[in-house]
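For reference, the structure is listed below as structure tokens.
The values are calculated or read from the model by the stated rules, or taken from the named source; none is laboratory data. Here the structure is a predicted model, which is why all the values come from computation and not from measurement. Ideal geometry is used to build each Cβ from the backbone, glycine not excepted, and the neighbour counts take in all protein chains shown.
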Amino acid sequence: MALGAASRLWFPAALATAVDATLRGAVLGAALAGLGAVLLISTLANLAAFLAGACYAALTGAWLRHRLFGHTLELGLAGQRRFAAGDVLARLVSDAAGAGQVLPALVGIAVAVVSAAGAVVALWLIDWSLAVAFLAGLPPMFMLVRVFMTRASALFVGYQRAQAAIAARLVDALAGMRTIAVSGTSKREIDRILVPLGELDTCGRALWGAQRRVSWQAGLLVPALELAVLAVAGMGVAAGRVTPGQLLAAASYVRLALGMFEKIDALVGIVQARASAARVAEVLAAAPPPRPAPRALPAGLGAVELRGVTVHAGDTRVLDQLDLRIPGGCGVAVVGHSGAGKTTLALLVGGLIHPDQGDVWVDGVPVGALPPAQLDSAVTYAFARPLVLDGTVHDAIAFGRPALSRAEVVQAARAAQADGFIRRLPAGYDTPLAQVPLSGGEAQRLGLARAIARGGRVLVLDDATSSLDTATEVQVAAALNSLRAGRTTIVVAHRAATAARADLVAWLERGQLRKLAPHTRLWEDPGYRAVFATAAPAQAGAPRESRESRA
């Protein structure tokens, strides 16, 4: 860029030399050679600057996306409460790329400023009155740019915030589109998604208005200043202080000095890049949940203890001073009405969320003190709607444990009652998932197989059998019972039969532990039986689109 700026400053002087030599009737060989050299250097320098800027922007955007994605994972579910999924997606896709343009844009402006300063010096060298005339017209131009940058920055932030809000609402709607379809609320959901459209329209129109104002104002001021300098230069030619070639050079230098004021699009790009960088920095500035000093996990059977645990979702207390102790090797069913905090409790055990107050312990060690790799090996999950990524069926079961052998994968699939339908696929375990239209129950069985294959001393099933028919659930439960030796099993249950198979039942009510006892003893309580009576309608139809998992 510096070489390009130097060549741009050199070109008017070379042109002036060639013109004056022509008027004097001198030999033009040297002048034309110099003019050709500066044109070649300028072309090559501009091409190199373009390629360097594009490469830097691409590499920086990729680096920012990688860092932003990693930091989002570090924030965990606590970060999801602050930054919605659609908002994070917008920052990853759009803002990270925009933020990568900040430095090239600033360097471009810096080069333009240096070029402008060099052009003013060149005007002074031609005739001091030219530089004075130019500098006298600069204050209005600087004021114009300053007002525009201040106004446009705020508008861009508002525009991007509204875009992110629409994206976040759209992602939520897509996740629950089955519920929206069966409840006939499509029109209402469309209206809800488009609520931020008003702010988007207001900011967009205001931004276009600001661009329009600065464009026509600059369109008046720039020619006026250029005309003033050329008028002084013309008087210099008449007085004999300025040569015709220098008059032509002065016109080029004025145009070069005013170039940064004419590039409104470049100024808009800088404003947009700054706004994008601010949105990326907002996520990166969010501190991950504090972790105590790392501690090793001793040998054990997966005893779990929650001490005075409180978790908030906005102004609501999902769990309220909850105390619960689960002996190692025990099977516990967690039951309660919708919103009682069942899924929240399950997520706490593996450190997927952290309590606002209190502590969660596994075999005598706080969950927050366990290194991520050790915690991942100790606590495994199966969810109601497991995430099935690209790859083969084998890859889906071995996800996170790529070293698992085929025999280990098959063993886990058999325990989850998935081996039968897998072998009926065109390529069995090597069938690409993109070619497998999985039903809800089949996806759940793959998720169960994945959890079983991962091992661990604590197995958490968050409504992981809700899409299975009763016979298959019984078979899966029998397989899990045979695998339970030496591990603790925590099952978020909505069926009485599931709770009956557990050693103990943790009955939650309004975020607190109402009772911890065997199912047979709790069944005598009408309130306990009412929990399953409420859940029965949801079990009779399609899988529930519960939002409790967001708690």
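In the stretch 452-464, what residues are under 15 Å from Asp395 (Cα atoms) and buried (at least 24 other Cβ atoms within 10 Å of the Cβ)? Scanning the stretch 452-464 gives a single hit, Ile452. Look at the stretch 86-98: where a residue is over 18 Å from Ala58 (Cβ atoms) and a partner is small (Gly, Ala, Ser) and modelled with pLDDT under 70, sitting 6+ places away or on another chain with Cβ atoms under 9 Å, you get Val88/Gly79. On the given criteria, is Pro426 touching a Ser or Thr at 6+ places or on another chain (Cβ under 7 Å) and surrounded by fewer than 15 Cβ atoms within 10 Å (Cβ to Cβ)? No, not satisfied.
Among the residues here, Gly440 does not qualify as farther than 24 Å from Asp463 by Cα and in contact (Cβ under 8 Å) with a residue 40 or more places away in the chain. Of the residues making up the stretch 386-396, at least one is buried (at least 23 other Cβ atoms within 10 Å of the Cβ) and either polar (S, T, N, Q) or under 30 Å from the mean Cα position of the chain (by Cα) (or both). Checking each residue in the stretch 436-481 for being closer than 24 Å to Gly302 by Cα, at pLDDT below 75 and not in a helix (DSSP H, G or I) picks out Asp463, Ala464, Thr465. How many residues does the stretch 329-373 hold that are under 25 Å from Asn481 (Cα atoms), in a strand (DSSP E or B) and of a type outside the set (A, V, I, L, M)? Residues flagged as under 25 Å from Asn481 (Cα atoms), in a strand (DSSP E or B) and of a type outside the set (A, V, I, L, M) within the stretch 329-373 amount to 2.
Criterion first (surrounded by fewer than 13 Cβ atoms within 10 Å (Cβ to Cβ), out of contact with any Lys or Arg (no Cβ under 6 Å at 6 or more places or on another chain) and either acidic (Asp, Glu) or in a helix (DSSP H, G or I) (or both)) does Asp201 satisfy it? The answer is yes for Asp201.
Every residue, every condition in (1) under 29 Å from Val242 (Cα atoms); (2) buried (at least 17 other Cβ atoms within 10 Å of the Cβ), yes or no:
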site	(1), (2)
Val107	no, no
Ser115	yes, yes
Ile126	yes, yes
Ser129	yes, yes
Val132	yes, no
Ala136	yes, no
Met143	no, no
